[in-house]
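Undergrad: For reference, the structure I am asking about is given below.
Since every read-out is calculated from the coordinates, none of them should be taken as a lab result. Being a predicted model, the structure only gives us computed values, none of them experimental. Every residue, glycine as well, gets a Cβ built from its backbone with ideal geometry; the counts of neighbours run over all protein chains shown.
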There are 6 protein chains.
Amino acid sequence: MPMVRIELYPGRTAQQKTDCARAVVEAVVKHLGTTAAATQVMFVDVEKTDWLTGDKIPPAPAGS
Amino acid sequence: MPMVRIELYPGRTAQQKTDCARAVVEAVVKHLGTTAAATQVMFVDVEKTDWLTGDKIPPAPAGS
Amino acid sequence: MPMVRIELYPGRTAQQKTDCARAVVEAVVKHLGTTAAATQVMFVDVEKTDWLTGDKIPPAPAGS
Amino acid sequence: MPMVRIELYPGRTAQQKTDCARAVVEAVVKHLGTTAAATQVMFVDVEKTDWLTGDKIPPAPAGS
Amino acid sequence: MPMVRIELYPGRTAQQKTDCARAVVEAVVKHLGTTAAATQVMFVDVEKTDWLTGDKIPPAPAGS
Amino acid sequence: MPMVRIELYPGRTAQQKTDCARAVVEAVVKHLGTTAAATQVMFVDVEKTDWLTGDKIPPAPAGS
């Protein structure tokens, strides 16, 4: 432990994810009292069309 | 909150997902006492070959 | 399929969750072309202190 | 119930996943007191570049 | 990798979970070509009232 | 987006989680090109008895 899972829109490079993971691991190690070796970070790309916020969904077409 | 995650087989169109998300948000807002702005819906496509039900897995080949 | 997972703050009653699940299943069946029997809904309570939004986290104490 | 989700690196064949799922279902049925029909197994492929272990992340480039 | 997450109803003992995890790890190692050291198993108890199947949700009370 | 979920052993204080979340949000904003307002962090406590690593599971009792 810990296991960190980050869901995000696609488009970040492997380098961006690596840099982000490094900083996240530092944050976790510093504040949660664990070790880097015990910490995993997983990125999960989610397409924008698959991730909707409730007040930004277009209304249903008339008649539907 | 809330965060709604829907795992499903691939094949639904973006329009179907949008329509589904709109109805899910309405359900959540109505019954859980929250707002649409605070509600997110995420769809996660899972291939049929990656999603198995225990009593429908073919038996191991003879000799395996 | 589908599998619906709803993360929310604690405090909703079993009745509220049941009513919400019923409406969510109706939404999923109507829009995703599946059956109620194949649809599961899971609620996961998450304490408010365990769920933070990035712009609402209090600043670190001075000197920390 | 139960719902089993297995995150793994890509590259396993459908046959490997099927065989794994069969054995996992047997394990779950035997030890958790449930039925195969009630057990689902889902595989989620995660690219190696999306799954980082804290002590194996390359250091940031000098000057970054 | 792999990471195995098992959602189940509460009530299993730690011994049952340990025995189940051991068998799941064996299954994963045998069929997915990985090592026990690289495999984690996590159990997540979900109350029955928080886990609903679509065709077993009682109908809404009359007038609701 | 992004949504960050951190599974960890119980025992951290709300303050530790808040401090960790703040640092994680900073890491995500800096490296993934998003905003703090769009970033959520969720902590999920998992009991040690529910989280097993494959090579540290005690062997089955003799005769089992």
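Undergrad: What is the sum of charges around residue F:23, taking Lys and Arg as +1, Asp and Glu as -1, for the other residues whose C-beta is under 14 Å from the C-beta of residue F:23? Spell out each step's value before the answer.
TA: Details: positive: A:22, A:30, F:12, F:17, F:22, F:30; negative: A:26, F:19, F:26.
Spelling it out: positives minus negatives among the neighbours equals +3.
Undergrad: State the Cα centre-to-centre distance between the range F:18-49 and the range C:30-64 in whole Å.
TA: Each part reduced to its Cα centre gives a spacing of 13 Å.
Undergrad: Applying the Karplus parametrisation 6.51 cos²θ - 1.76 cosθ + 1.60 with θ = phi - 60° to the phi angles of the range F:39-54, what ³J(HN,Hα) value in whole Hz is obtained for each residue in order, glycine and proline being reported as x?
TA: Result, rounded to whole Hz: 9, 10, 10, 10, 9, 10, 6, 10, 4, 4, 6, 9, 9, 10, 9, x.
Undergrad: Amide H to amide H, which residues 5 or more places from residue A:46 or on other chains are under 5 Å from it, using H placed in the peptide plane?
TA: Amide H to amide H, under 5 Å and 5 or more residues apart or across chains, residue A:46 pairs with A:8, A:9.
Undergrad: Step through the residues of the range B:22-27 one at a time and calculate ³J(HN,Hα) from phi using the Karplus curve (6.51 cos²θ - 1.76 cosθ + 1.60, θ = phi - 60°), rounding each to whole Hz and writing x for Gly and Pro.
TA: 4, 6, 5, 4, 4, 5
Undergrad: Give me the Debye-computed log₁₀ of I(q)/I(0) at q = 0.09, 0.12 Å⁻¹ for the protein assembly as shown, equal point scatterers on Cα only, no solvent, two decimals.
TA: For the protein assembly as shown, the Cα-only Debye profile gives -0.53, -0.98.
Undergrad: Might you report the magnitude of the Cβ-based charge dipole of chain D about its Cα centre, with Lys and Arg at +1 and Asp and Glu at -1, to the nearest 20 debye?
TA: In total the dipole reaches around 160 debye.
Undergrad: Please give the charge dipole size of the protein assembly as shown, origin at the Cα centre, charges +1 on K and R Cβ atoms and -1 on D and E Cβ atoms. Round to the nearest 20 debye.
TA: Computed charge dipole of the protein assembly as shown: roughly 0 debye.
Undergrad: At 37 °C and 0.692 mPa s, grab the translational diffusion coefficient of chain A from Stokes-Einstein with a Kirkwood Rh over Cα pairs, rounded to a whole number in µm² per second.
TA: My calculation gives 232 µm²/s for D.
Undergrad: If you average the sequence gap of Cα pairs under 8 Å that are 6 or more apart and divide by the length of chain D, what percent do you get for the contact order?
TA: RCO, chain D: 49 percent.
Undergrad: Run the label-point distances for residue C:59 please: 7 Å along Cα to Cβ, every other copy, nanometres, shortest first.
TA: Between copies, matching label points for residue C:59 lie 3.3, 4.3, 5.9, 5.9, 7.0 nm apart.
Undergrad: Determine, from the Cβ-Cβ distance of residue A:60 and residue C:16 and an R0 of 25 Å, the FRET efficiency 1/(1 + (r/R0)^6), rounded to the nearest 0.05.
TA: Numbers: r = 25 Å, r/R0 = 1.00.
After rounding, the FRET efficiency stands at 0.50.
Undergrad: Quick one: length gained pulling residue D:47 to residue D:30 fully straight, 0.36 nm per residue minus the C-alpha distance?
TA: Extending this stretch completely gives an extra 2.9 nm.
Undergrad: Using helices alone, I'd like the mean residue ellipticity at 222 nm for chain D: each DSSP H run of four-plus residues gives -39500 (n - 2.57), total over residue count, nearest 500.
TA: -10000 deg cm²/dmol
Undergrad: Quick one: which residues, 5+ away or cross-chain, put their amide H under 5 Å from the amide H of residue F:57? H built at 1.01 Å from N.
TA: Those lying under 5 Å, H to H, from residue F:57: there are none.
Undergrad: Now a separate question. Pop out the ³J(HN,Hα) list for the range D:15-20 in order, Karplus 6.51 cos²θ - 1.76 cosθ + 1.60 with θ = phi - 60°, rounded to Hz; leave Gly and Pro as x.
TA: 5, 4, 5, 4, 5, 5
Undergrad: Cut-off under 30 Å on the C-alpha distance; same-chain residues fewer than 8 positions from residue C:30 excluded. Which lysines are left, in chain and number order?
TA: Partners within reach: A:48, A:56, B:17, B:30, B:48, B:56, C:17, E:48, E:56.
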